[in-house]
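Asker: Below is one structure. I have some questions about it.
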Amino acid sequence: MSTQATKSTILIVDDDPVQRRVLQAAIENMGYLTWCCENGETAIDALSGNHATEVAAIVLDLIMPGIDGHGVLTFMRDHEIQKPVIVQTAQGGMETAVKAMRAGAFDFVIKPVSPERLRTSINDALRIEAVKRAPKKQHIEAVFNRTNTQKIIASSDKMNRVAELVERAAASDIPVLIEGDSGTGKELIAKSIQAKSDRSSKPMVIVNCGAIPENLVESILFGHEKGAFTGATEKHTGKFVEANGGTLFLDEIGELPLSAQVKLLRAIQEGEVEPVGANTSRKVDIRLISATNRDLIAAVRENRFREDLYYRLNVFPILVPPLRNRRGDIRALTEHFIARHNAGQQSFTARNITDAAIHLLERYDWPGNIRQLENTIFRAMVLCDRATLDVQDFQHIQAQMDMPAAVERQAQAKVVDAPDLAPEYPVGRSDNDIASDDIDSELSNIENFMIDGEGHMRSLSEIEMLAIRHAIAHYSGQMSEVARRLGIGRSTLYRKLKEYDIEPDALV
């Protein structure tokens, strides 16, 4: 690899030597330097080495032996390697490409990609990276954040109701339980309550309960004494004490283990916490706000969540609707994001959006909710060189809307093409025949699990993803049971959910 500083270096990762040479020639003709890797393992080595900072973007094949493209994306996310990735997929691999986009890829191209399409994708990726690294208008952004960070965008009746509940909740210190899907803005609701309350000048401590290893939950929440357990080399105060006098926000409260739920209940009832390894309790004065994307009533019925704790938390419930159920807010949210990004970043040309583009955004279901909408608007603004965003700036959204129909057409085509060789009625079937059919059926199910629609073996990461999805559905979303049956820790399970972009609620 050349070390010239005047040109950007594009990392090419593909196990096909012919494809590597084609990509290398095309990219070098664009004026970029190239660095080629023949598999995922060498790509990871390259991204871990001293020359990794010289890589400006990556063109990554998804299907490779050993560590495939998804494995490389996972490694990059786990190690916080911020490089734009353009993934390559074969015809018919749309679902795989969308999965890669959700895992953090910037764009995808269909093999064989034309030089013009590849040039556009690389140039767009580098433009976005340049904007991300540009100096920010610190003063303007700070003023904007102070005045608008906690603002709730509410045009629809449902969100106006939520805004009213926020005002009422802020007027007292009673516990609040915020329920809603991932990405709906539950943390924003919690911050809004805190900002409008008498405790607004006091600390607000945020804890993601689902991200804490089960064996450390009590220590992180309630603190520990020095020497309380192996590795406790010094005293730790805990989040309750950190939030003393202010607000404690417990996100993903439904993921707390039962042992921690008992101590949490006591902390709420008695207003005191007992650090791990301590002989005495400590009084705390906090305002507790909790949030969950789970059905806590179902968790109570299944003995995964304490009923007495549920009623202690659910004194003042607020249900935040998913974006698909508040489409009337999409225009206001979009205009808000455009204004915010223009106030906080340099080099944006787009300052408006057409009605046609808004109508397109309103038709999309937004599985990632508000978080996904904001990321979509930011991406469009970076790539747009016009004053007004239009439908053409959201082609990836249009493609995802069209994908289910394309998949359905492919499925119907397979059904039509498949000959029906079975007789209309079973003839002369013995018990042994039936038992044999059961075995054949089981083997067929296993084969369907491991073989993709094109007759090829699925990658290990795909099989793992399917196994996790199946386990969540089979055990009705009981995450502790899912982790136990899969033979992994709960923290590992939640990491896998994020890695494969699995939404448990959609499977139960």
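Asker: Working only within region 182-198, note down all residues that are at pLDDT 90 or above, buried (at least 20 other Cβ atoms within 10 Å of the Cβ) and either of a type in the set (Phe, Trp, Tyr) or part of a loop (DSSP other than H, G, I, E, B) (or both).
Answerer: Passing the criteria: THR184, GLY185, SER197.
Asker: For region 382-397, what are the residues that are under 22 Å from ASP365 (Cβ atoms) and either modelled with pLDDT of 85 or more or touching a Gly at 6+ places or on another chain (Cβ under 9 Å) (or both)?
Answerer: The answer is LEU389, ASP390, VAL391, GLN392, ASP393, PHE394, GLN395, ILE397.
Asker: Another one. Would you mind stating whether ILE377 is surrounded by 17 or more Cβ atoms within 10 Å (Cβ to Cβ), assigned to a helix (DSSP H, G or I) and in contact (Cβ under 8 Å) with a residue 12 or more places away in the chain?
Answerer: yes
Asker: Quick one: ILE318 ticks every box in (1) of a type in the set (Val, Ile, Thr); (2) in contact (Cβ under 8 Å) with a residue 60 or more places away in the chain; (3) assigned to a helix (DSSP H, G or I) except a single one, so which number is it?
Answerer: Just one mismatch for ILE318, condition (3).
Asker: Given THR292, THR237, which one is assigned by TED's automatic domain parsing to the domain that holds ALA171 and either surrounded by 15 or more Cβ atoms within 10 Å (Cβ to Cβ) or within 30 Å of ALA506 (Cβ to Cβ) (or both)?
Answerer: Within the list THR292, THR237, the selection yields THR292.
Asker: Follow-up question, since we're still on this one. Spot the failing condition for GLY477; the list is (1) part of a helix (DSSP H, G or I); (2) touching a helix residue (DSSP H, G or I) at 6+ places or on another chain (Cβ under 8 Å), and only one is missed.
Answerer: Condition (1) is where GLY477 drops out.
Asker: Does ASP308 qualify as being more than 19 Å from SER476 (Cα to Cα) and part of a helix (DSSP H, G or I)?
Answerer: So ASP308 fits the description; yes.
Asker: Could you check how many residues of region 42-74 are over 18 Å from ALA90 (Cβ atoms) and either out of contact with any helix residue (DSSP H, G or I) (no Cβ under 9 Å at 6 or more places or on another chain) or aliphatic (A, V, I, L, M) (or both)?
Answerer: So the count comes out to 17.
Asker: Which numbered condition trips up ALA332, out of (1) within 30 Å of GLN372 (Cα to Cα); (2) in the same structural domain as THR184 (by TED's automatic domain parsing); (3) aliphatic (A, V, I, L, M)?
Answerer: (2)
Asker: For region 275-289, which positions are in a strand (DSSP E or B) and crowded, with 20+ Cβ neighbours inside 10 Å?
Answerer: Within region 275-289, ARG287, LEU288, ILE289 qualify.
Asker: If you go through region 340-363 one residue at a time, do you hit one that is outside the structural domain of LEU188 (by TED's automatic domain parsing), within 18 Å of the chain's Cα centre (by Cα) and either assigned to a helix (DSSP H, G or I) or of a type in the set (A, V, I, L, M) (or both)?
Answerer: So far as region 340-363 goes, no, none of its residues is outside the structural domain of LEU188 (by TED's automatic domain parsing), within 18 Å of the chain's Cα centre (by Cα) and either assigned to a helix (DSSP H, G or I) or of a type in the set (A, V, I, L, M) (or both).
The values are calculated or read from the model by the stated rules, or taken from the named source; none is laboratory data. As the structure is a computational prediction, the values presented were derived from the model and not from experiment. All Cβ positions, even for glycine, are placed from backbone atoms using ideal geometry, and neighbour counts span all protein chains on display.
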